[in-house]
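The values are calculated or read from the model by the stated rules, or taken from the named source; none is laboratory data. Keep in mind that what you see is a predicted model, and the values were worked out from it rather than measured. Cβ: placed from backbone, ideal geometry, glycine included. Neighbour counts: every protein chain shown.
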Amino acid sequence: MERMEMKGFLERVVVIKRLWLAMAVAFFVVLPFLIGKGWLSLVNEMLIMALAASGLNLMLGYTGMVSFGPAGLYAVGAYTTALFLTKTGIPFVIAIVAGPIVAGAVGAIVGWFCVRRTHVYFALLTLAFAQIIWTIIFEWYGFTGGDNGIVGMPVPDLLMSISHYYYFSLVVVVICLILLWMIGNSPFGKILQAIRENPGRTEFIGINVKRYQLIAFVLSSAFLGAAGSLFCGFSDSVFPDYAHWAKSTDMIVICLLGGMYNFAGPIIGSIVYILLSKLISSYTMYWMLFLGIIVVLLVLFMRGGIMGFISEKLSSKIQEIRLRGQYDTGS
């Protein structure tokens with residue numbers, strides 16, 4: 001009886017998940033017909049930030065490597081696309097693809113140094129490299145434009161419309177999220193989770209932990225670069241602020257808010273975070289004060305984030321069914 005009830009409950013959970021996924025896809029497809037250009041631009045920003053946070057979460061949530069410098073690699077992708085478009089005149093799609101490739105290559109160099117250290121030293125190294133990237137962008141006026149940035153990307157006429165670029169972003173983000181889901185649920189992803197839980201024991205069974213951490217770092221960098229490239233085309237400009245540590249803080253908080261141990265966590269966190277920031281900023285200039293309060297509440301009362309809270313409730317329901325089955329059997 002207990003097994004039947006448990007099986008029925010789990011089947012309902014799967015059906016509900018699929019239903020929510022189908023409804024979400026349908027919602028995002030018809031969204032341009034339901035809201036104005038201002039809100040559609042905001043949703044586009046949410047999609048791009050969801051991709052960036054999900055890319056970071058491959059390091060943070062799956063592998064257990066706390067990076068303080070994801071914005072540096074995000075900026076590498078954005079500036080790669082911008083420089084290709086403004087200095088070479090290559091097609092827009094190729095420039096977009098070049099962003100994650102170059103970001104992944106830079107991530108391989110940065111990661112080679114960073115994965116040789118653990119815990120706080122790893123985190124500080126990632127921050128240091130992000131600041132190096134920011135300084136290069138900020139100071140190299142002849143190449144990156146310095147603090148003036150690069151403005152006026154030659155975006156194709158087809159993507160000049162906000163709604164058209166929204167659909168382009170939606171397709172790219174969905175493809176990248178599917179790839180991230182496949183990586184996370186593959187044997188490679190399971191090894192990353194084992195490294196997160198106990199790197200010493202994982203290495204003891206013959207797995208080269210540093211190699212897997214480096215691969216995860218490179219993959220994460222590539223997805224961060226993809227998000228940066230998308231935002232470059234969307235905003236039609238790039239600036240050194242893309243590589244600033246404050247941008248890294250946004251991504252980390254988004255992962256914490258949504259739940260870094262759940263695949264959907266960064267996606268939900270991006271929606272909630274950006275919506276809160278826009279709404280609160282429209283009423284007061286003290287958004288950073290509210291952000292600090294949000295972080296304190298997350299750390300003290302909701303360490304699993306929004307999706308972690310939901311997963312905890314589902315686990316409690318499963319445990320309740322099991323206990324009820326044991327009680328009925330005992331009676």
(message) Which pairs turn up if I take residues in the stretch 22-49 that are over 13 Å from residue 165 (Cα atoms) and look for partners that are small (Gly, Ala, Ser) and buried (at least 17 other Cβ atoms within 10 Å of the Cβ) with beta carbon separation below 8 Å, at least 6 apart in sequence or on another chain?
(response) 46/270; 49/227; 49/270
(request) Report yes if residue 93 is out of contact with any Cys (no Cβ under 8 Å at 6 or more places or on another chain) and closer than 24 Å to residue 240 by Cβ, otherwise no. (result) no
(request) Quick one: residue 99 ticks every box in (1) surrounded by fewer than 20 Cβ atoms within 10 Å (Cβ to Cβ); (2) of a type outside the set (S, T, N, Q); (3) farther than 16 Å from residue 216 by Cα except a single one, so which number is it? (result) (1)
(request) Scan the helices (runs of 4 or more DSSP H) fully inside the stretch 137-224 and keep the ones with 1 or more residues being closer than 30 Å to residue 88 by Cα and not acidic (Asp, Glu). (result) 141-144, 162-184
(request) Would you please name the residue that is surrounded by the fewest Cβ atoms within 10 Å (Cβ to Cβ), looking only at residues in the stretch 108-161 that are within 22 Å of residue 78 (Cα to Cα) and among the polar types (S, T, N, Q)? (result) 148
(message) Please determine whether any residue of the stretch 225-241 is under 28 Å from residue 163 (Cα atoms), in contact (Cβ under 8 Å) with a residue 60 or more places away in the chain and surrounded by fewer than 19 Cβ atoms within 10 Å (Cβ to Cβ).
(response) yes
(request) Scan the stretch 53-62 and give yes if some residue there is on the phi < 0 side of the Ramachandran plot, surrounded by 11 or more Cβ atoms within 10 Å (Cβ to Cβ), outside any helix (DSSP H, G or I) and modelled with pLDDT under 95, otherwise no. (result) no
(message) Checking residue 195 against (1) surrounded by 16 or more Cβ atoms within 10 Å (Cβ to Cβ); (2) within 30 Å of residue 81 (Cα to Cα), only one condition comes out false. Which one?
(response) (2)
(request) Scan the stretch 153-171 for residues that are in contact with a Leu (Cβ under 9 Å, 6 or more places away or on another chain) and at pLDDT below 90 and jot them down. (result) 153, 154, 155
(message) If I filter the stretch 274-296 for residues that are under 19 Å from residue 58 (Cβ atoms), part of a helix (DSSP H, G or I) and at pLDDT below 90, do I get at least one hit?
(response) no
(message) Quick check on this structure: which one of 261, 212 is crowded, with 18+ Cβ neighbours inside 10 Å, at pLDDT 95 or above and more than 26 Å from residue 84 (Cβ to Cβ)?
(response) 212
(request) Enumerate the pairs (first residue in the stretch 166-180 and farther than 20 Å from residue 36 by Cα; second residue anywhere and among the hydroxyl-bearing types (Ser, Thr, Tyr) and crowded, with 16+ Cβ neighbours inside 10 Å) with beta-carbon separation below 6 Å, excluding pairs fewer than 6 apart on the same chain, so at least 6 apart or on different chains. (result) 180/54
(message) The conditions are (1) farther than 17 Å from residue 227 by Cβ; (2) assigned to a helix (DSSP H, G or I); (3) not aliphatic (A, V, I, L, M), and residue 99 fails exactly one of them. Which is it?
(response) (1)
